[in-house]
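The values are calculated or read from the model by the stated rules, or taken from the named source; none is laboratory data. It should be emphasised that the depicted structure is a prediction, and the values quoted were computed from it without experimental measurement. Positions of Cβ are backbone-derived with ideal geometry, glycine not excepted, and every protein chain shown enters the neighbour counts.
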Amino acid sequence: MTTIRDVASKAEVSIATVSRVVNGNRPVLSDVRDRVLKAIQELDYRPNFLARGLRQHNTCMIGLIIPDNSNPFYAEVARAIEDAGFAAGYTVILCNSDLSEEKQQAYIDVLLSHKVDGMILIDIKGAESKALERILAEKIPAVLANIETPVPTVDQVMVDNHRGGYLAGQYLLDLNHQRIGCITLLQPDSFQSYRIVGFRQALSEVGIELTTEDFAFGNGRYESGYEAMQELRQRCPDLTAVYVFNDLMALGAMNALHAQGIRVPEDISIIGYDNIFYASTFEPALTTIAQPIAAIGQECIARLLERIHQPEKQPIHTMLPVELIERSSCRRLPVNNNRAESRSFSRL
């Protein structure tokens, strides 16, 4: 195994000089730096950052837990966090909990054993329970993202989902839709999610109250959106528009309609949420509510590094804006095709 002494010998410099180049903590003449970097490359030298970090009481490693790496939204957020972390000199360790609280807890234990300097937790399960308590008990700085429940003792990066849901509802109403359905998550609290609450508020303001029959459920993945749309159409064949909790399920819903010979948007309009990459490449391109993915990643890293360096500072809760992205999966209905119906509200 190549050592720092081997690099120093090949570059004809001192071990201290190699250390300065590797750590970047002291100025080095450019020609000397170039020689050291060339020697590092030729010898395939890999510094032991973990050992260095333990000596300095830090590892320059950050743990990131996401719930589902098959969802492009979480993959894109992870990439944004990794980019921002790398630019700040940190290695990001990515863990996928696969929607499992048990797996999530196991990864927290792994990250703690690796002495990470901090953790970023995206949409974690049980934000107020043992997952977070375990981290805080070890005095590990943490940032929660995309969790709507305020946790006063922890930095949070949130998105204005209430506004996003309201924009989606308002947009469909502006296109003269009144027979509207919704595909949301299986979780018992999904109706309390701000993106559903905001959506229902927009409809309620014009006298449209959704009932239990207007909803179908999925787990956030493509296949569940496909199945939920089949169920929703069977129960409510007169729907003219459907709002879907996330883009991945929305794309599955669109394919379910296509398989039945139902056209989007000519027969049914679809609006999603997240603005993942595939939303713009699908046919028809998906109208959606865009979450600020790059800003989420940058803000998570900024908040975590601030917490690492200033542990006594009061936690900050950052709210990021959303934006309606209009594409081609929704169409305007003629006004005379929409007759307001008297609809009763069923408590969910």
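If you check GLU227, GLU266 for being surrounded by fewer than 24 Cβ atoms within 10 Å (Cβ to Cβ) and either of a type in the set (A, V, I, L, M) or closer than 30 Å to VAL159 by Cα (or both), only one passes: GLU227. With respect to VAL242, determine if the residue is over 30 Å from LEU64 (Cα atoms) and in contact with a strand residue (DSSP E or B) (Cβ under 6 Å, 6 or more places away or on another chain). Taking the combined requirement at face value, the residue satisfies it. Among the residues of the stretch 217-250, those that are touching a Leu at 6+ places or on another chain (Cβ under 8 Å) and within 15 Å of ILE262 (Cβ to Cβ) comprise GLY225, MET229, LEU232, ARG233, LEU239, THR240, ALA241, VAL242, ALA250.
Taking the listed residues ALA137, ALA142, ALA168, the one that is surrounded by fewer than 14 Cβ atoms within 10 Å (Cβ to Cβ) and aliphatic (A, V, I, L, M) is ALA137, with no other qualifying. From the set of residues in the stretch 292-324 that are surrounded by fewer than 17 Cβ atoms within 10 Å (Cβ to Cβ) and of a type in the set (Val, Ile, Thr), which is nearest to LEU172 (Cα to Cα)? Among those residues, the one meeting the criterion is ILE316. Scanning the stretch 272-290 for residues that are surrounded by 24 or more Cβ atoms within 10 Å (Cβ to Cβ) and among the β-branched types (Val, Ile, Thr) turns up ILE276, THR287, THR288, ILE289.
Only residues that are at pLDDT 95 or above and under 24 Å from the mean Cα position of the chain (by Cα) were counted across the stretch 171-191, and they come to 4.
For TYR194, state whether it is assigned by TED's automatic domain parsing to the domain that holds GLU266 and in contact with a His (Cβ under 6 Å, 6 or more places away or on another chain). Criteria met by TYR194. Restricting LEU167, LEU172, LEU144 to residues that are outside any helix (DSSP H, G or I) and in contact with a strand residue (DSSP E or B) (Cβ under 7 Å, 6 or more places away or on another chain) narrows the list to LEU144.
Residues ILE296, ILE270, ILE276, ILE208: which one is of a type outside the set (Gly, Ala, Ser), over 18 Å from LEU186 (Cα atoms) and assigned by TED's automatic domain parsing to the domain that holds ASN71? Result: ILE296 is the single residue among ILE296, ILE270, ILE276, ILE208 that is of a type outside the set (Gly, Ala, Ser), over 18 Å from LEU186 (Cα atoms) and assigned by TED's automatic domain parsing to the domain that holds ASN71. Against the conditions (1) of a type outside the set (S, T, N, Q); (2) surrounded by 14 or more Cβ atoms within 10 Å (Cβ to Cβ); (3) modelled with pLDDT under 90, VAL335 satisfies every one except (2).
Taking every residue in the stretch 150-163 that is surrounded by fewer than 22 Cβ atoms within 10 Å (Cβ to Cβ) and pairing it with any residue that is charged (D, E, K, R), at least 6 positions away or on another chain, the pairs with Cβ-Cβ distances below 8 Å are VAL151/GLU128; MET158/GLU148; HIS162/ARG195.
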